[in-house]
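So the structure is just underneath, and the comments pick up after that.
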Amino acid sequence: MAQLWGGRFTKETSKLVYDFNASIRFDKRLFDQDIEGSIAHADMLGKQGIISEDEKNKIIKGLQGILEDVHSGKLKITEEYEDIHSFAEANLIERIGDAGKKLHTGRSRNDQVALDMRLYIRHEIEETDAVLYELVKTLLKIMEENIDTYMPGFTHLQKAQPTTLAHHFGAYFEMFRRDRERLASIRERMNYCPLGAGAMAGTTYPLDRDYTARMLKFTGPTINSMDSVADRDYVIEYLNALSIIMMHLSRFSEEIIIWNSNEYGFVELDDSYSTGSSIMPQKKNPDIAELVRGKTGRVYAALTSLLTTMKGLPLAYNKDMQEDKELTFDAIDTVKSCIVLFTGMVDTMKFNKEVMAESAMKGFTNATDAADYLVGKGVPFRDAHSIVGRLVLSCIEKEKGILDLTISELKVISPEFDEDIYEAVSLKTCVDRRLTTGAPGREAITKTISFYKEYISKGCNWK
Ligand code: ARG
């Protein structure tokens, strides 16, 4: 049991209490950030004359040595330390002696952990953006290849109007584009440095907080020292963004599961992204999509958990806040791997274009257009709506589509129908006449696609 405190205590902590309190098992993930923050702190202490130049140099060299040794595997992060901060400090003192004991001057573990967590979340926001970028790039590629791939659009999971695969994927492009914007705005808001807040009330040493903030690439220092050590809003915001990403991925997964079902057959998942059954030889299951959908629950759980942990905490730091880590780390790992796997799955998926077009044709998705055709002939829309309703009913009785009826059969329903109806309600016409901004018509979606190409050409936000 190695801990940074003990002077005030007359009894040893019991093993049970020590273990319950310790966090190294999971906060070892913050090792790089802890060293980076300590180097900045030591540098500033030296610049301000709070420690000597020689002590500063020894500390920085010692910390860099620890970083290298952990990365090379020479030094293991073991669980005999209470947390990652104690591990780094104890190793430093062991390496460089008394100078190491000065590192913590003007610092508390409260501002130290607040800094580590911020550095870590900032980095993970960037990583999340990078994998999302690959996903939207893949979606755009599929959109470009499928401007004329007709399919039914749905409302209430009932065939509604014809659209295209490019248009359908474009909807998800928008969702993930917003997710990336959300990440960028969180990053901007959180990018302030809590180092120097001390335990909660700052410190009497003449720290230069602007200097450390600059060194660590923050916009500036945080401006209330109590808030600095008590704030986990940015973790909550990030978990919220991750939850929304999962909600999007989960909806998309659900659609792919439906499209991949025997009944729909719109898509076929690649063998490398599907799994078999141990008993039914014919099966090829969409397990990846199901797992992405399923894992959404644990990401929401992390968000709910941290919101609940924080809601009753008096200012400033409370140990409850140590609970910000495990579920957040799990959520980050989960979301990043879901995005990567999902990208691979859609990238390798085959689209059964004929099946999709056939389905669009069979579901009376051109009924709105047939009504619009009558409106074009001077029939008021409400009447046109009811005429086409009767037309659909008669088609159902005959087990035919609108396009399969002869002109005389059509004229029985309404004398306004002429030969040009066939062209007017063909899939191609139905889609291509939809030219409002954001619609699937060829010209409209081509405009959208060129806007997306420009967006993609800007590359990743931080890589
Ligand atoms: N492991 C702690 C955490 O994650 C570090 C901060 C400890 N500070 C304290 N006053 N006990 O929050």
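Below 14 Å, Cα to Cα, which aspartates and glutamates can LYS400 reach? Residues fewer than 8 away in the same chain don't count.
GLU358, GLU409
THR164's amide H: which non-local residues (gap 5+, or another chain) put their own amide H closer than 5 Å, with H modeled 1.01 Å from N in plane and none for Pro or chain starts?
Residues meeting the criterion, in which the H sits 1.01 Å from N, are MET151.
Please list, in chain and number order, the residues 5+ apart from LEU75 or on another chain whose amide H is under 5 Å from its amide H, with Hs placed from the backbone.
Long-range HN contacts for LEU75: VAL70.
For the range 54-121 and the range 209-232, what is the separation of their Cα centres, given in Å?
For the range 54-121 versus the range 209-232, the Cα centre distance is 20 Å.
So for the chain: antiparallel DSSP bridges make up what percent, rounded to the nearest 5?
Of those bridges, close to 75 percent are antiparallel.
I need the semi-axes of the equivalent ellipsoid of the range 59-169: take the C-alpha gyration tensor, multiply each eigenvalue by 5, square-root it, list largest first in whole angstrom.
The answer is 55, 16, 12 Å, longest axis first.
Scan around ASN260 for amide H atoms under 5 Å from its own, H built in the peptide plane at 1.01 Å from N, and keep only partners 5 or more places away or cross-chain.
Placed amide hydrogens put VAL267 under 5 Å from ASN260.
Once phi is turned into θ = phi - 60°, what whole-Hz ³J(HN,Hα) does the Karplus curve with 6.51, -1.76 and 1.60 give for every residue of the range 18-28, x standing for Gly and Pro?
Running phi through 6.51 cos²θ - 1.76 cosθ + 1.60 with θ = phi - 60° gives 4, 5, 5, 7, 5, 10, 4, 3, 10, 7, 4 Hz.
Nearest 0.05, what FRET efficiency do ARG433 and ARG25 give at R0 = 56 Å with Cβ-Cβ as r?
Here the calculated transfer efficiency is 0.35.
When the Cα centres of the range 348-366 and the range 276-327 are compared, how far apart do they sit, in Å?
One Cα centre to the other: 35 Å.
Would you mind calculating the gained length between SER408 and ILE93 on full extension (0.36 nm times residue separation, minus the Cα-Cα distance), in nm to one decimal?
103.8 nm
Please report the base-10 log of the normalised intensity I(q)/I(0) for the chain, using a Debye sum with one equal scatterer per alpha carbon and no solvent, at each q in 0.06, 0.11, 0.12, 0.13 (1/Å).
Taken in order of the listed q values, log10 I(q)/I(0) reads -0.42, -0.94, -1.04, -1.15.
At 7 Å along the Cα-to-beta-carbon direction for both ASP148 and LEU75, put a label point, then send me their distance in nm to one decimal.
About 6.4 nm separates the two model spin labels.
On C-alpha positions alone, give me the angle between the axis of helix 442-457 and the longest principal axis of the chain, in degrees, nearest 10.
Helix 442-457 and the main axis of the chain meet at about 10 degrees.
Using a Förster distance of 41 angstrom, determine the FRET efficiency expected from the C-beta separation of GLU268 and ALA201, and round it to 0.05.
0.05
Using a basic spin-label model with each label point 7 Å from the Cα along Cα→Cβ, how many nm lie between LYS47 and LYS400?
Result for the modelled spin labels: 8.3 nm.
Based on the alpha-carbon set only, what is the convex hull volume of the range 285-398 divided per residue, in Å³?
239
Quick one: dipole size for the range 217-374, taken about the Cα centre, charges +1 on Lys/Arg Cβ and -1 on Asp/Glu Cβ, in debye to the nearest 20.
Using only the charged Cβ atoms, the result is roughly 280 debye.
With an 8 Å cut-off on Cα pairs and a minimum separation of 6 or more residues, tell me the relative contact order of the chain in percent.
Across the chain, relative contact order equals 17 percent.
Whole-Hz Karplus ³J(HN,Hα) for the range 122-136, in order, using 6.51 cos²θ - 1.76 cosθ + 1.60 and θ = phi - 60°, x for Gly and Pro?
My calculation for the range 122-136 gives 4, 4, 5, 4, 5, 5, 4, 4, 5, 6, 5, 4, 4, 5, 5 Hz in order.
If I take R0 = 35 Å and measure r between the Cβ atoms of GLU443 and ARG251 in this structure, what FRET efficiency does the formula 1/(1 + (r/R0)^6) give, to the nearest 0.05?
0.80
Between the range 404-460 and the range 173-204, what's the alpha-carbon centroid distance in Å?
45
For the range 304-314, in order, what is each residue's ³J(HN,Hα) by Karplus, 6.51 cos²θ - 1.76 cosθ + 1.60 with θ = phi - 60°, in whole Hz (x at glycine and Pro)?
With the stated coefficients, the range 304-314 comes to 5, 4, 6, 4, 5, 4, 7, 5, x, 7, x Hz.
Just need the Rg to Rh number for the range 181-274, please, alpha carbons only, Kirkwood Rh.
1.33
Quote the relative contact order of the range 323-414 in percent (integer), defining contacts as alpha-carbon pairs under 8 Å separated by 6+ residues.
20
Of GLY198, GLN161, TYR172, which is farthest towards the positive pole of the range 113-199's charge dipole, taken about the Cα centre with +1 and -1 on the beta-carbons of Lys, Arg and Asp, Glu respectively?
The residue sitting most towards the positive pole is GLY198.
Which value, in debye to the nearest 20, describes the size of the charge dipole of the chain about its Cα centre when Lys and Arg Cβ atoms bear +1, Asp and Glu Cβ atoms bear -1, and nothing else is charged?
Here the size comes out at about 720 debye.
Mind checking the full-extension length gain between LYS283 and ILE258? Use 0.36 nm per residue of separation minus the Cα-Cα distance, one decimal, nm.
Length gained between LYS283 and ILE258: 7.5 nm.
Any read-out appearing in this document is the output of simple, stated calculations on the displayed coordinates, not a laboratory observation. Only a predicted model underlies this, so the values are computations on that prediction, with no experimental measurement involved. Glycine gets a Cβ as well: all are built from the backbone with ideal geometry, and neighbour counts include every protein chain shown.
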